Amino acid sequence: MQKKQVAVIDFGSSKITVMIGERGVNKTFLIKARKDYAYDGFADGEFFDVASVKRLLFSAAEFIGSTIKKGGARVFVGVPGEFTKVSVKTSQISFSAKKRITETDVDALFDSAFVAASSKYSLINRSAIVYELDDYRRLANPIGSASEILKGQLSFIVCSNYFIETVKNTLKAAGIEDVECISASLAEIMYLLEPETRDRIVMLLDVGYIATTFSLVQGDGILYQRSFSYGGGYITAALTQKFGLDFSVAEELKRKVNLSATGGGAYDVITLSDNSYHNAEETRATVKESLDILCEEIENCMENSGYTIPEYVPLMITGGGISYLRGAKEHVANRIGAAIEIVSPKVPLMDKPTESSVLSLLDLTFTDK
């Protein structure tokens, strides 16, 4: 019997990735096809060039259709944090007598936590932070447990209709009818963080090229989330301004930096048109100044979340924005006073933070089956 193939579309802040795969053994993947499309990205909940996004989605639909030829394609689209909002609600339902909790009861609990309909947003994901029974037991999964009540702290994620309509309408016009939008952040949380890690509060920071999303997580839900426009591209821009470089040259310079190094010297950047040398101390100082801006945003997120975050809770960082930058983890840790861990998929040859989002989406599509 042929395995079911699934297509995912991941919206990064500098590229759109299409991946088609099927489930392998031991929760691995068999990647059948992949294509990356560079684009201008987004900020403040809008695409910089929506016409370009639509053209790329037409190309993506053609690519998917040429790969999945039998039975039509079901496409899952990862929604970046910039286009979503998170709300947390407490809900409770009671039964006439003690009974075994069923999946239907859990659905009723979520349904009772009313989320108002909106002309601007639509619900895309709902998940539980924790459940509680009549004996005050707190559980990650109440199904099968006996209780007279079911209480839950529930997390709801809504997506802007602007994003949904842009993506779904374009893919439909391109011939793909079956499209589901899911939170890219929730997918990363469920895939990258082990259940025992999520039992307590944990912070996840996805740093992209021009956008970053901070998520405060517990259980299977997001307690608080904020996205802001700052990422690895802003560090490159700072080097461009400091040394008067072309953007591509500044990007090469950034990748040579080691923030843990000391002393003088220079970084050499060799291109097809020119060789240039840049003072190492000035380069490191410029990168650190840019990282300090990112750290200020992180501290604002932690403070504005409304939750007390214990000092021992690490900040998990993923995405391609700063994870490859040598010494960045140590600088951020010293600046915000928290332990830093770089997290990435546990997949051979794809165990890089840059692959976190797209592989998390692929994993969630199989987990939900």
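The values are calculated or read from the model by the stated rules, or taken from the named source; none is laboratory data. Keep in mind it's a predicted model, so treat the numbers as computed, not measured. Backbone-built Cβ (ideal geometry, glycine too); neighbour counts: all protein chains shown. Remember, those area values only see protein heavy atoms, side chains included, never the ligands or the DNA or RNA. Shrake-Rupley method; radii C 1.70, N 1.55, O 1.52, S 1.80 Å.
Below is a table of values for the structure above.
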| read-out | value |
| --- | --- |
| Search result, residues across region 221-260 that are within 30 Å of T308 (Cα to Cα) and outside any helix (DSSP H, G or I) | G221, I222, L223, Y224, Q225, R226, S227, F228, S229, Y230, G231 |
| In region 249-304, the residues that are modelled with pLDDT under 90 and of a type in the set (S, T, N, Q) | T262, T271, S273, N275, S276, N279 |
| Failed item in (1) on the phi > 0 side of the Ramachandran plot; (2) assigned to a strand (DSSP E or B), with I182 passing the rest | (1) |
| Test: G175 is surrounded by 20 or more Cβ atoms within 10 Å (Cβ to Cβ), touching a residue at least 40 places away in the same chain (Cβ under 8 Å) and out of contact with any strand residue (DSSP E or B) (no Cβ under 7 Å at 6 or more places or on another chain) | no |
| Residues satisfying the stated conditions in region 156-181, i.e. in contact with a Phe, Trp or Tyr (Cβ under 6 Å, 6 or more places away or on another chain) and either acidic (D, E) or under 21 Å from V18 (Cβ atoms) (or both) | C159, F163, A174, E180 |
| Search result, residues across region 145-167 that are in a strand (DSSP E or B), under 28 Å from the mean Cα position of the chain (by Cα) and among the hydrophobic types (A, V, I, L, M, F, W, C) | L154, F156, I157, V158, C159 |
| Tabulated pairs, region 191-216, first part of a strand (DSSP E or B), second basic (K, R), C-beta under 7 angstrom, 6+ apart or interchain | F214/R226 |
| Residue list for region 32-61, filter: of a type in the set (A, V, I, L, M) and touching a residue at least 24 places away in the same chain (Cβ under 8 Å) | A33, A38, A43, V50, V53, L56, L57, A60, A61 |
| Search result, residues across region 289-321 that are among the acidic types (D, E) and open to solvent by 80 Å² or more (accessible area, probe 1.4 Å) | E289, E296, E303, E311 |
| Hey, S119 outside any strand (DSSP E or B), buried (at least 20 other Cβ atoms within 10 Å of the Cβ) and hydroxyl-bearing (S, T, Y) or not | no |
| Identity of the residue in region 327-369, of a type in the set (S, T, N, Q) and under 25 Å from I298 (Cα atoms), that ends up nearest to the chain's Cα centre (by Cα) | S357 |
| Enumerated helices (runs of 4 or more DSSP H) restricted to region 279-369, each holding at least 1 residues that are under 21 Å from A187 (Cβ atoms) | 280-304, 356-367 |
| Exclusive hit being over 20 Å from I157 (Cα atoms) and either of a type in the set (S, T, Y) or modelled with pLDDT under 95 (or both), set T240, T213 | T240 |
| Test: residue in region 142-162 that is touching a Pro at 6+ places or on another chain (Cβ under 7 Å), open to solvent by 10 Å² or more (accessible area, probe 1.4 Å) and farther than 22 Å from K346 by Cα | no |
| Answer from V269, V207 - the residue that is in contact with a strand residue (DSSP E or B) (Cβ under 9 Å, 6 or more places away or on another chain), more than 17 Å from S13 (Cβ to Cβ) and open to solvent by less than 40 Å² (accessible area, probe 1.4 Å) | V269 |
